[in-house]
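Shown next, in structure tokens, is the structure this report addresses.
The values are calculated or read from the model by the stated rules, or taken from the named source; none is laboratory data. In this text, all values refer to a predicted model and were calculated from it rather than measured experimentally. Note: ideal-geometry Cβ built from the backbone for every residue, glycine included; neighbour counts use all protein chains shown. Just so you know, the surface numbers come from the protein's heavy atoms only, side chains and all, with ligands and any DNA or RNA stripped out. Shrake-Rupley method; radii C 1.70, N 1.55, O 1.52, S 1.80 Å.
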Amino acid sequence: MSDRMRKILESKRDMRQRLAALPFAEKVKLLEQLRDRSRAIAASGLKRQSSHRS
Amino acid sequence: MKATFAVINQMQADGVIGKYAIGGAVGATFYLEPVATLDIYIFVSFQKAGSLLTVSPIYDYLTARGFKAEKEYIIIESWPVQFLPAGNALVEEALALAVETDLEDVRTWVMTAEHLTAIALQIGRTKDHTWILKFIESGTLAPDKLDQILARHGLLAKWEQFGHKFVEGNK
């Protein structure tokens with residue numbers, strides 16, 4: 001594995017640990033933001049266009 | 001989501017449901033990093049009508065208060081919520097031992113990480129396996145506690161198979 005890839009994976013792991021350590025109420029707010037974003041993507045039709053291409 | 005749990009708590013206070021606990025992706029988020037989800041799974045002790053478990057009282061209670069049912073969900077304060085019966089001993093135990101927490105002063109209960117893992121193993125879909133791997137990777141599981149749960153509910157062989165297939169194979 002290259003150094004660059006190793007750093008990327010470490011950085012992702014650190015980010016996951018930081019997010020996991022947040023209080024539940026803050027994590028729920030993030031869940032709400034993620035849900036709103038998923039709904040916006042679904043409503044925009046991007047998902048359908050992308051699935052037609054694949 | 002806080003408002004959603006306030007409604008569920010009121011339904012509990014009104015005697016429609018007994019003890020409940022959050023499972024699924026929202027339950028896992030209590031222990032892990034948040035992952036996008038569109039719904040909330042609530043495991044619940046249902047009132048029993050004869051020998052059948054029934055969700056009817058929940059639907060009746062919520063629809064009478066203006067909440068809409070959509071397929072297997074009821075939309076409560078913008079979140080689709082699926083109420084699932086504690087249909088076996090493992091889920092009953094998970095409900096009994098759920099962890100109390102609060103969302104900005106709204107009290108709620110989440111299954112333990114070990115019970116979420118055992119239930120995911122018992123269900124066994126691909127997405128359940130993904131959750132198990134996330135729990136293992138996070139280091140949040142108490143191995144002794146998990147072993148005891150798996151042994152009590154006859155899941156040790158399945159756990160071993162899971163380990164061979166998904167954990168040892170990646171070493």
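Key figures
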| read-out | value |
| --- | --- |
| For chain B, the longest site-free run once GluC sites (Glu not before Pro) in DSSP loop states with at most 14 other Cβ atoms within 10 Å are removed | B:1-71 |
| Where the protein assembly as shown is the region considered: accessible area per residue in Å², 1.4 Å probe | 56 Å² |
| Average other protein chain Cβ within 10 Å of Cβ, residues A:24-37 | 6 |
| Principal axis dimensions, segment B:94-133 - Cα atoms, whole angstrom, descending | 35, 20, 12 |
| Cα-centred dipole magnitude for the protein assembly as shown, charges only on beta-carbon of K, R (+1) and D, E (-1), debye, nearest 20 | 1020 debye |
| Alpha-carbon Rg with Dmax, taken over chain B, Å | 16.6, 54 |
| Accessible area of B:LYS68 in the full protein assembly, 1.4 Å probe (Å², nearest 10) | 140 Å² |
| FRET efficiency estimate (nearest 0.05) - Cβ-Cβ, B:LYS19 to B:LEU156, R0 22 angstrom | 0.25 |
| For segment B:112-171: rounded, prolate or oblate by the Cα gyration tensor [a/c cutoff 1.5] | rounded |
| Estimated buried accessible area (total), pair A and B, 1.4 Å, Å² to nearest 100 | 1600 Å² |
| Bins of 10 Å, starting at 0 and running to the largest distance - Cα pair percent for segment B:76-165 | 15, 46, 30, 8, 0 |
| Whole-percent carbon and sulfur share, accessible surface of chain B, 1.4 Å | 53 percent |
| Two-decimal Rg/Rh across the protein assembly as shown, once Rg and the Kirkwood Rh are taken from alpha-carbon atoms | 0.99 |
